[in-house]
Structures are given as C-alpha cells and as structure tokens.
Amino acid sequence: MGDDRPAWARRIAAERAARDWSQRDAVRAIRAHAPSEIPSDESMIRQWKRWEAGALPNEFYRPVIAAMFGTVTHALFPAPARRDGNSEILAASGMETLEIVSRLNRSDVDSATLDALRITTDRLCSEYPFMPSQQLLIEGRQWLRRVVELHSKSLTLAQHREVLALSGWLALLVGCVEYDSGDRHAAESTRRAALSIATESDQAEVAGWAHEMRAWFALTTGDYRGVIAAAQAGAEVAAHHGVAVQLAGQEAKAWARLGDRRQVEVALD
C-alpha cells in the first residue's frame with residue numbers, strides 16, 4: 001500500500017530519521033525552539049506520533065517544527081496561495097508571462113523586457129514564505145534557465161551586469177528552496193553558482209546572501225565553526241548591505257552554541 005499521509009507528515013518523519021533522532025529527541029528539539037513552556041515529554045511524544053501520522057500541528061507548533069528542521073513555516077506546511085503572481089507582473093510591467101518569454105527569444109533585449117524580468121524575480125523571491133516549495137522550485141528553475149540563456153544574446157555591458165544580477169538572485173532563491181526540500185547537495189551547488197555569479201558581476205549583496213546561506217546550512221547541521229567562517233566572509237564582502245545584520249546574527253548564534261559569550265557580544269556590536 002502507498003503512503004497516503006500528507007507530504008509534510010512524511011517529511012517531518014524523514015527529517016527526524018535523517019538526524020537519527022528518536023521521537024523523544026524530536027520533542028526535546030521542540031522544547032529548545034518553543035517560545036514558551038510546552039507539555040510534558042510523554043504528552044508531546046504522543047502528540048508527535050499523531051503529527052507523523054498526519055494530524056496537522058496547530059499554529060503554535062508549525063513554526064517551531066519548521067525552525068527545528070532549519071526551514072520556514074510555509075516551506076514545510078504550505079499555505080493556500082494568497083496572491084495572483086501573474087496579475088501582479090502584468091500590473092507592474094504591462095506584460096503577461098507569455099509576452100515576457102516571447103521577448104526573451106529575440107536576438108536582442110530591450111529595457112522593458114529587463115524591467116519585466118526584474119519584477120518577475122522580485123515576485124518569485126517575495127513568494128518564498130507562501131508558495132508551496134515544489135511549485136516555487138519549478139518556477140524558479142524555469143526563470144533561472146531563461147535568464148541564463150540571455151547571456152547568448154546581444155547585450156550592452158550594463159544589460160550584461162543586470163542579467164548576471166538577476167541570475168544570482170534567482171540562483172539564491174532556487175538554492176534556498178532546494179535546501180528546504182531536503183536536497184542539500186543541489187542546494188550547495190546552486191549556492192556556489194550564485195556566489196560565482198556575484199563575484200563575476202561584482203554584486204556584493206548577492207555574494208553576502210550566498211555566504212549567509214552557507215552560514216545557515218552550517219548552523220542547521222551543527223557546524224558552528226563553519227557558521228562563523230561563512231558569516232565573517234559574507235560580512236567582509238557585504239558590510240554596507242542589509243544582509244550584514246543577518247550575518248552578524250548567524251555568527252552570534254554560533255558563538256552562543258559554542259558557549260563564548262564575549263564573541264557573541266563582538267558579533268552583535
């Protein structure tokens with residue numbers, strides 16, 4: 001017989017098994033991430049068994065379970081779509097998706113097409129907390145492939161830099177979703193590609209987020225020295241961008257896990 005449990009139920013069971021956790025270990029992880037007191041271990045173990053069987057956790061536990069597995073709530077427990085992405089793109093750019101794709105097939109690319117691509121990329125990135133992971137992964141990869149193919153077109157130097165920047169942002173998005181989906185090897189490969197693109201195009205913010213992804217990957221696997229190295233590398237290249245705050249937070253978490261309060265203060269200074 002097939003497994004007819006919801007995808008999220010199968011995934012939390014798989015995530016627990018991948019960490020070699022017992023159900024009691026999973027409950028201890030919940031307790032460590034919960035913002036307030038939770039019931040006794042025995043009660044929570046019974047609750048965990050119900051969750052793995054397919055009973056949906058309530059709004060208190062869903063973000064806690066997502067955090068303990070190193071992801072965001074809606075990547076693990078997809079919410080119904082709240083937005084019409086195609087309508088947003090049409091309203092902002094005056095083009096439907098089909099028209100954008102048609103323009104991409106031309107031998108040269110105009111400013112309006114690049115503007116539409118930028119809007120599409122922003123829309124996809126903003127959907128990260130809401131769109132089901134598999135759907136976002138498919139769309140992200142499709143648009144990344146389309147943007148990468150633009151490198152063979154006749155582009156000005158400014159357009160080439162813009163296309164590289166868009167490629168970098170889309171690669172970051174795809175890498176995040178791959179990691180959330182449990183494909184860590186693919187996520188790291190995509191992250192490296194984003195970092196390479198950022199280096200080539202001198203996109204400090206994209207490079208900073210690529211290092212932040214590495215820090216996050218390391219944090220969720222217990223590699224705290226790796227977190228520190230990635231956070232410091234990111235801060236060095238993106239010191240004047242908003243990602244620097246996120247990098248400092250990741251470094252502080254790592255030092256806290258290592259028990260070095262002084263370095264936590266330095267990281268947060």
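Since every read-out is calculated from the coordinates, none of them should be taken as a lab result. Fair warning: this is a prediction, and the values are worked out from it, not measured in the lab. All Cβ positions, glycine included, derive from the backbone under ideal geometry; neighbour counts span all protein chains shown.
Would the range 151-236 count as rounded, prolate or oblate if I go by the C-alpha gyration tensor, calling it rounded below 1.5 in a/c and otherwise prolate when a/b exceeds b/c, oblate otherwise?
On the way: a/c = 3.56, a/b = 1.73, b/c = 2.06.
Oblate, because a/c is 1.5 or more while a/b does not exceed b/c.
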Separation of alpha-carbon centers, the range 217-269 and the range 8-34, rounded to whole Å: 25
In order over the range 59-70: 3J(HN,Hα) from phi, Karplus 6.51/-1.76/1.60, θ = phi - 60°, whole Hz, x for each Gly or Pro, gives 5, 6, 7, 4, x, 5, 5, 4, 5, 5, 9, x
In the set (1) 20.6, 65; (2) 17.8, 57; (3) 17.1, 50, which value of Rg and Dmax of the Cα atoms in Å was calculated from the structure you see? (1)
Using a/c under 1.5 as the rounded threshold, could you call the range 164-206 rounded, prolate or oblate? The axes a ≥ b ≥ c are square roots of the C-alpha gyration tensor eigenvalues, and prolate needs a/b larger than b/c, oblate otherwise. prolate
Net dipole in debye of the range 185-269 [+1 Lys, Arg Cβ; -1 Asp, Glu Cβ; about Cα centre; nearest 20]: 340
In degrees rounded to 10, the 0-90 angle between helix 157-180 Cα long axis and the longest Cα principal axis of the chain is 20
